[in-house]
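Beneath this line is the structure, given in structure tokens, with notes to follow.
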Amino acid sequence: MNAPVFSRRKFTAGLGALVVGFSLDPKLALGQDPPRLPGSLQGNRKLDGWIRINADGTATIFTGKVELGQGILTALAQIAAEELDLPLTRIAMISGDTGRTPNEGQTAGSQSVENSGTALRMAGAEVRAILIDLAAKRLGVTADQLTVADGVVAAADGRKVGYGELVAELDLNREATAKAQPKPPASHKIVGKSIARLDIPAKVTGGVAYVQDLRLPGMLHGRVVRPPRYGSKLDSVDEAAAKAIPGVVAVVRDGSFLGVVAEREEQAIKAREALRQRAKWTLGPELPDPTRIFDVIKSLPSKDATIGVKQGTVPPNARTLEAVYTKPYMAHASIGPSCSVAEFKDGKMTVWTHSQGVFPLRAELVKALKLAPAAIRCVHAEGSGCYGHNGADDVALDAALLARAVPGRPVRLQWMRDDEFGWEPYGPAMVMRAKAALGGDGKIADWEYELWSNSHSTRPQSTDGTNVLAAWYLAEPQKMGPPTSPPQPAGGGDRNSIPLYDLPSQRVIHHFVQDMPIRVSALRTLGAYANVFALESFMDELAIAAGADPIAFRLAHLKDPRGRAVIEAVARKAGWKEGEKGDGTRGRGIGFSKYKNLACYVACVADVEVDRASGAVRVPRVWAAVDSGLIINPDGLTSQIEGGIVQSVSWTLKEEVRFDKNGILARDWKSYPILTMPEAPKVEVELINRPSERPLGSGEGSQGPAVAAVANAFANATGKRIRDLPLNPARVKAALA
Amino acid sequence: MAISLKVNGVSRSVPAEPDTPLLYVLRNDLELNGAKFGCGLAQCGACTVLVDGKAVRSCITPVSAVAQGEVTTIEGLGSVAKPHALQQAFIDEQAAQCGYCTNGMIMSAKELLDRNPRPSEGDVRSALADNLCRCGTHNRIIRAVLRAAQSSGRT
């Protein structure tokens, strides 16, 4: 049987009679290995899965990637508009809907422009070519005699036909070939421009912009009651007081999952408190001693991998240096707690979610709710910025569990502040040990690096478990899936652990720690923030030992011309003076990385000011230079780099999830402070556009270089190095004592 | 029971208990999306509205406390079609990533510009010290407020 296998679904809600074709396993469809297609076309091969031309001459673009506040839908719209030769005003974006869009997994890892953008670039070029062919037939000329502008195909004699007029003959329910040439960058009119973000006007005027703003007819409000700490069991709860609160519709209990649904939001919040006070729990295991956490992590069972090996001989006169660095647990700490709206109606569950991956989320909901995939639809709606795997997926299951108890009525659930801080999966604590031999020529002769880390990915769509919080607390509890780590070269905990420098001899050992005393998952950059901190701090330590300027020392070990270019550019921009020493309170430092060793190049220079009496570190200024290949939206790229730097300065100076053996202590913004407006550094970014190079992911490019620049600036200022993050007043005072 | 309040110049009556935080009345009864729930603890500023021109945290302000006052939300400043100078400046500076904090930034900035039409950068930073942003959009927000001050000065 070689008949094409694909499912077709009709969705009428909101889009007229849209028909989208989904190709399933292409091997099944074709009975042979299909040709490799670029970007996400590979897994979603039908043109009409990506692009639909409407009779009014507009185009509807479908992407599996979702807006997280990073501006991706604007960038993808630019790419589609460019290739289709349509103005942006005639592009509508549909994103992240298990009922309507391609499955592109998670929107994560700075891969959306590379994967979805490449798919849209190639599909757009192909659809444009198909439209030109149709126009050529209609006008009785050859395709090369036609020009296209703003969705209108014109012949030399002035006759014209618009895309909309060709819709009847247009059949995009066909496999992409990726044979049509996308436009050369020199002829780009929309790509490469700082197009204003499409989502900002609604966000500054109180428009409907977020899942939090969804308001469905008959909608109820839910809240959940989480246990005192991980693994606790709900023995009993007196529901009477909660049920007596006016407006309470249902108390929902399934094993140790406890929640409430009410007519009004404040009623649900009061009922939550009433339940919380009356819930009796058998506490789960104690958390580790926080003062020993790094020893604990190093002592837990791990899967070890040696990577990045280069064999070389170490000269006998080499000097050896060694240093150990640590990074604590850090929170995503979204400003808006996670939120979801769910509706259970006629046996079907619809979940509006700010998950980074609606298809992976659906896979978990199928397991947790014991429903068929066809009975669950997950629709993306924007939330507060997430910066990785926060509570978005968890709250979606919570909302679905509540909605299941009140069929026919949608339930909106927003976590309270302490739910988010106490239960989100944090970025893992890590230990990094670096050791190097410095040859008599002042160059690195040997490099050895080890890191210990839990998983940076316990996201949904586990192959052997259910990776959403409430599933573990049901009467029939499901288990968390095994920890995973993305393979090299991107890596997980070992992301950016292999130096980009040209070293004659090196080994990197990734101790992938399996047991997870504290819940962790993906936080923006995964292991790269900690590894670039350690690696680039150690480069400075080696430079000092070699009596070399930190930038000259880096350049002496780096051949990659694009890497050299960003380092040289940021040095110029910051007015770097070779060999400049700090004065005890002020100093500056550099940090560099190529994100994932395969995405954008970023170098940062930071200035710091240290108040030696209080131990406070201030970062007044940071400069950055960025090479992200072909730039889609310069201002959008600048914004991502700026934001990453400020966020990284916040992580670096302030952030640490505190806990004791009784549980997590981070519960609000007082117990987990972040950088404030008066403390934010001024940031200047220089972009190096490379139109002939493919666009590279950039959303996570600056955090690593920024932490390294700040840590190195502190050492430059004071002559003392802090190897344990964050650089908080207690550490600073101890270092300067 | 019903309680009355005046929001963006219009008197409204809502079926809420007097101790209901103003935030939920604005969002759920009056269907105004601008003010956001961030912490419920007056720590982050996402829920900021003006009451008689003063920036208050609507998440901890009981609706009964504003029964005599005039509440202004971000919807009361302007619209996509007719944005307020601050809203326009935030668009011009692209001063939002996720934008969840933006309401609080604009409302706190409104209070600042009403009492100090020509703020310095330091004034802006101080005025927004209790408004948290997580995306790192701080520099653009500061520039947007300074731009709004300048553009208001010209008109």
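Here, each number is a calculation from the coordinates, and none is a lab measurement. Since this is a predicted model, take the numbers as computed values, not measurements. Cβ coordinates were reconstructed from backbone atoms using ideal geometry, including for glycine residues, and neighbour counts include every protein chain displayed.
Miscellaneous remarks
- Within straight-line cross-link reach of B:K110, lysines at Cα separation under 25 Å, skipping those fewer than 8 residues along the same chain: A:K203, A:K682, B:K6, B:K36, B:K54, B:K82
- When you restrict to C-alpha pairs under 8 Å that are six or more residues apart and normalise by the size of region A:6-191, the relative contact order lands at 26 percent.
- Relative to the current alpha-carbon distance between A:N317 and A:E448, full extension at 0.36 nm per residue lengthens the span by 45.4 nm.
- The GluC sites (Glu not before Pro) of region A:543-581 that DSSP puts in a loop, and whose beta carbon has at most 16 other beta carbons within 10 Å, are A:E578, A:E580.
- Rg/Rg_globular for region A:95-192, with Rg_globular taken as 2.2 N^0.38 Å and Rg from C-alpha atoms: 1.26
- Alpha carbon centroid spacing (whole Å) that separates region B:35-60 from region A:647-663: 25 Å
- Shielding by partners - mean other protein chain Cβ count within 10 Å, residues of A:671-679: 5
- Taking Cβ atoms as reference points and 15 Å as the exclusive limit, the residues near B:A55 contribute a net charge of -1, counting Lys and Arg as +1 and Asp and Glu as -1.
- Peptide A:385-393, shielding by other chains (average Cβ, 10 Å cutoff): 2
- Cα centroid of region A:215-258 to Cα centroid of region A:302-341, whole Å: 41 Å
- Candidate cross-link partners of A:K596 among the aspartates and glutamates, defined by an alpha-carbon separation under 18 Å and a same-chain spacing of 8 or more, comprise A:E114, A:E450, A:D494, A:D502, A:E536, A:D560, A:D627, A:E693, A:E700.
- Diagonalising the gyration tensor over the Cα atoms of region A:473-580 and scaling each eigenvalue by 5 before taking the square root yields semi-axes of 38, 15, 13 Å, largest first.
- Beta bridges by DSSP in chain A, antiparallel share as percent, to the nearest 5: 75 percent
- Among beta bridges from DSSP that stay inside region A:6-191, the antiparallel ones total about 75%.
- Modelled spin-label separation between A:K193 and A:R404, with each label point placed 7 Å from Cα along the Cα-to-Cβ direction: 4.9 nm.
- Sparse packing (at most 13 other Cβ atoms within 10 Å of the Cβ) combined with a DSSP loop state is found for the following trypsin sites (Lys or Arg not before Pro) in region A:421-499: A:K479.
- Calculated P(r) of chain A - Cα pairs past 49 Å, %: 19 percent
- Residues of type aspartates and glutamates that A:K243 reaches as a straight line, Cα spacing below 13 Å, ignoring anything fewer than 8 places off in the same chain: A:E263, A:E273
- For region A:248-393: relative contact order, % (alpha-carbon pairs under 8 angstrom, 6 or more apart): 17 percent
- Sorted peptide list for B:61-74, A:384-397, A:90-103, criterion being average Cβ within 10 angstrom, highest first: A:384-397, A:90-103, B:61-74
- Neighbour net charge for B:L146 - beta-carbon separation under 10 angstrom, K R +1, D E -1: 0
- Cβ-based exposure ranking for A:E642, B:E17, in which fewest neighbours within 10 Å come first: B:E17, A:E642
- Our summary of shape: the Cα atoms of region A:6-191 have principal axis extents of 48, 39, 34 Å, ordered from largest down, in whole angstrom.
- Sorted ascending by nearby beta carbons within 10 Å, beginning with the fewest, A:D611, A:D85 become A:D611, A:D85.
- With a simple spin-label model that places each label point 7 Å from the Cα along the Cα-to-Cβ direction, the separation between A:A55 and B:S13 comes to 4.8 nm.
- Hull volume in cubic angstrom per residue (convex hull over the Cα atoms of region B:85-154): 69 Å³
- Alpha-carbon centroid distance for the pair region A:55-96 / region A:110-137, whole angstrom: 12 Å
- Among the residues of A:368-380, the average count of other protein chain beta-carbon atoms within 10 Å of the residue beta-carbon is 0.
- Relative to the globular-protein estimate of 2.2 N^0.38 Å, the Cα radius of gyration of region B:3-76 stands at 0.94.
- Using distinct alpha-carbon pairs, which all enter the 1/r mean, Kirkwood radius of region A:575-674 in Å: 16.2 Å
- Each Lys or Arg adds one and each Asp or Glu takes one away; over the other residues whose Cβ falls under 12 Å from the Cβ of A:A81, this sums to +2.
- When you restrict to C-alpha pairs under 8 Å that are six or more residues apart and normalise by the size of chain A, the relative contact order lands at 13 percent.
- When peptides A:415-426, B:83-94 are ranked by their average number of other Cβ atoms within 10 Å per residue, the highest-first order is A:415-426, B:83-94.
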